[in-house]
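The values are calculated or read from the model by the stated rules, or taken from the named source; none is laboratory data. All figures in this text were calculated on a predicted structure; none of them were measured in a lab. As a convention, Cβ positions derive from the backbone with ideal geometry for all residues, glycine included, and neighbour counts pool all protein chains shown.
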Amino acid sequence: MDQRAETQPTQAALSHADIRKIMLGIMLAMFLAALDQTIVATAMPTIGRELGDVTHLPWVVTSYLLASTAVTPLYGKLADIHGRRVVLLGGIVIFVLGSAACALAPSLWLLVVARFLQGLGGGGLIALAQTIIGDMVPPRERGRYQVYIASVFFSSSLLGPVLGGLIAETLHWSVIFWINLPLGLLAYLMTDRALRRLPRHERRHALDVLGALLMTGATMTLLLALSWGGVRFPWGSPQILGLVAGSALLWACFGWRLRTAREPLIPLAILANPVVRHGTIAAGFGMGTFIGLTIYLPLYFETVAGLSAARSGLGLLPLTCGTVIGATSSGRALTRLVHYKRVPVAGLCVALLGTAVLIAFAGRLPLVAFCLLLGVISVGFGMLLPVATVSIQNAVPLHQLGTATATANFFRQIGGALIVAVFGAIVIGGIGASGPGLHAEALQLGSVARETMVRLFQYVFAATFAGFALALFFLLRMKELPLRGNAVQAAREVAAE
């Protein structure tokens, strides 16, 4: 066994000032990936008009989602083999090259290909940032640094839509990709210098290429089915059923590969770890529900509350701000409390109560009261995220930290896609409403009766309640292990394993 990295108590040498310097670099790398998921949305109509293809415009988003989700576990494994610094820098380079290709794309389909390349680079940046925090900071102190990650998502969710629309209207849509070049160069230089001091926990591993190909294929076919189902093709169509069947077959082959490979892509010990399993499922249900709300709540503001498209975006501010507040308070509590699970348990209970009020009074609450409830719900949900991430990282050896973190992020993204598809089936499919279903065009034109939309969103809020309830259930099942508070002791524990 190679104990070279395990026995080096390098973490103890990092002061809070050192950690903050490293955090600035990885936060900028994360910001690149997070911003690119939001800045493109408001520029999409302009891109479609200028490239002369509106029909296939959703592929600009779908291709990035497919690539970034599929490669997330691969980044974690590579980081455990070759170290965090090399893999993170490689991700930044691929992301920047993809951004340049996007800006130069002369047609929509070339833009789709370039976005896929960009996703291959961006897919690992967020998971690797969380892994690097795990390398630097012992679990008991890790919660307060998770707040930095929450602030990145908060700022990107606010700045992205505004910048995307402004740049597309006043400059040119390609500028939203060109700006990634100086930002990427700055992120590369900052992380290259800072991460040289990062403690190293990698070991000699063999990369399971066949397992990676099977997992990537299974992920991409599943995401295609979720993206197209109910929108491009009916859920019961041969195309969607074929994709689902193909994905199931590939997942079965991937499961066989995990059991038979000498060194599988995702170690079975990680998948069998109950803390990792329950923490991942809890965060997946919570995050997926939150994403579903952020996607479909603007429709509620427009069709039920009667707001304009611009003001409906502002209505999401309580949801995004509350999540950061909840994550901040929960992260700080991690450093002080022995029974740290009590904070997110209480938060999810509050979120469930707030969601129950939305179900009972959908369409009848004043706008101010509705937004206040959204803020309360998001604060409660936000308390889950730092605890789930830190608990997962605390439950695995340091040399598996990258794989465990990336695997958890991967399954959270898959779960999020599934839950968003459920929300879409409710709204677009018209589940619970009169008639066979609704059309996206009718929703955009505002020709659906307000009473119908109120009934639909009662079902949406009921699905939200179910999502948060399942997150609470799996959080309660997650074992509350003592958080390692001494980094040197933690490194020695891992070396002995």
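Remarks
- Flag: ALA129 matches the condition of being part of a helix (DSSP H, G or I) and within 19 Å of the chain's Cα centre (by Cα).
- Condition met for LEU358 (without any contact (Cβ under 8 Å) to a residue 12 or more places away in the chain and outside the structural domain of VAL137 (by TED's automatic domain parsing)): no
- Flag if LEU373 is closer than 15 Å to ALA282 by Cα and touching a Leu at 6+ places or on another chain (Cβ under 9 Å): no
- Within the stretch 62-85, the set of residues being within 23 Å of LEU226 (Cβ to Cβ), at pLDDT 75 or above and of a type outside the set (Gly, Ala, Ser) comprises TYR64, LEU65, LEU66, THR69, VAL71, THR72, PRO73, LEU74, TYR75.
- Checked against the criterion of being farther than 18 Å from LEU189 by Cβ, crowded, with 20+ Cβ neighbours inside 10 Å and under 20 Å from the mean Cα position of the chain (by Cα), the candidates LEU74, LEU111, LEU88 yield just one match: LEU74.
- LEU120 of a type outside the set (D, E, K, R) and either buried (at least 24 other Cβ atoms within 10 Å of the Cβ) or within 22 Å of ILE266 (Cα to Cα) (or both): yes
- Selection count, the stretch 311-352, where residues are buried (at least 19 other Cβ atoms within 10 Å of the Cβ) and among the polar types (S, T, N, Q): 4
- Test: ALA248 is modelled with pLDDT of 80 or more and not assigned by TED's automatic domain parsing to the domain that holds ASP80: yes
- Verdict on ILE270 being among the hydrophobic types (A, V, I, L, M, F, W, C), in a helix (DSSP H, G or I), under 25 Å from PRO58 (Cα atoms) and out of contact with any Leu (no Cβ under 9 Å at 6 or more places or on another chain): no
- The listed residue being assigned by TED's automatic domain parsing to the domain that holds GLY288, under 20 Å from ALA346 (Cβ atoms), modelled with pLDDT of 90 or more and surrounded by fewer than 19 Cβ atoms within 10 Å (Cβ to Cβ), out of LEU476, LEU481: LEU476
- Filter result for the condition that a residue is under 25 Å from LEU222 (Cβ atoms) and at pLDDT 80 or above, over LEU125, LEU110, LEU97: LEU125
- Just so you know, in the stretch 7-59 the residues that are crowded, with 16+ Cβ neighbours inside 10 Å, among the aliphatic types (A, V, I, L, M) and assigned to a loop (DSSP other than H, G, I, E, B) include one that is modelled with the lowest pLDDT, and it is LEU14.
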